[in-house]
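Report on the following structure.
The values are calculated or read from the model by the stated rules, or taken from the named source; none is laboratory data. Computed from a predicted structure; not experimentally measured. All Cβ positions, glycine included, derive from the backbone under ideal geometry; neighbour counts span all protein chains shown.
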Amino acid sequence: MNLLLITFSLRNRERDYSQFFVELRGRALQWWHFIEQTTIVTTYYDADALTNFLLPHMEATDSLLIVKVSPHQFQGWLPKQAWQWLAEVSDRAQPSSLPLPKTDPR
């Protein structure tokens, strides 16, 4: 199973990008979206394959970056439920007993 971070900028306000999101979520075992234009997914596909599924639903002026995330190799400032989700999917990809990162006190 792969843990992938996907960030995108879909720039054409006239275009219906719904098929992009259908394809993105349809290829994921689980997905999480907390940061605008960024999604983390667990999937059996690698970054190349997922890119190939998404590109037909984009335009030349759009942007897409897909990066494989190593389980438990992330840090930042997010709410507790985000870190819990990341820890759970990381445990399934590679068990670890590392502590959760700091949480946003809001």
Note to self: List pairs: first residue in the range 27-49 and over 11 Å from Leu3 (Cβ atoms) and at pLDDT 95 or above, second residue of a type in the set (S, T, N, Q) and surrounded by fewer than 16 Cβ atoms within 10 Å (Cβ to Cβ) anywhere in the structure, Cβ distance under 7 angstrom, at least six positions apart or on different chains.
What the structure shows: Gln37/Thr7; Gln37/Ser9; Thr38/Thr7
Checklist line | Residue that is surrounded by the most Cβ atoms within 10 Å (Cβ to Cβ), among those in the range 65-92 that are hydrophobic (A, V, I, L, M, F, W, C) and assigned to a loop (DSSP other than H, G, I, E, B) | finding: Val69
Notebook entry, point to check: Can you name every residue in the range 48-64 that is of a type in the set (Val, Ile, Thr) and not in a loop (DSSP other than H, G, I, E, B)?
Noted result: Thr51
Item checked: Residues satisfying the stated conditions in the range 15-41, i.e. of a type in the set (A, V, I, L, M, F, W, C), surrounded by 17 or more Cβ atoms within 10 Å (Cβ to Cβ) and part of a loop (DSSP other than H, G, I, E, B) -> Ala28
Check: If you scan the range 2-14, which residues turn out to be more than 16 Å from Asn52 (Cβ to Cβ) and either among the basic types (Lys, Arg) or surrounded by 13 or more Cβ atoms within 10 Å (Cβ to Cβ) (or both)?
Finding: Leu3, Leu5, Thr7, Leu10, Arg11, Arg13
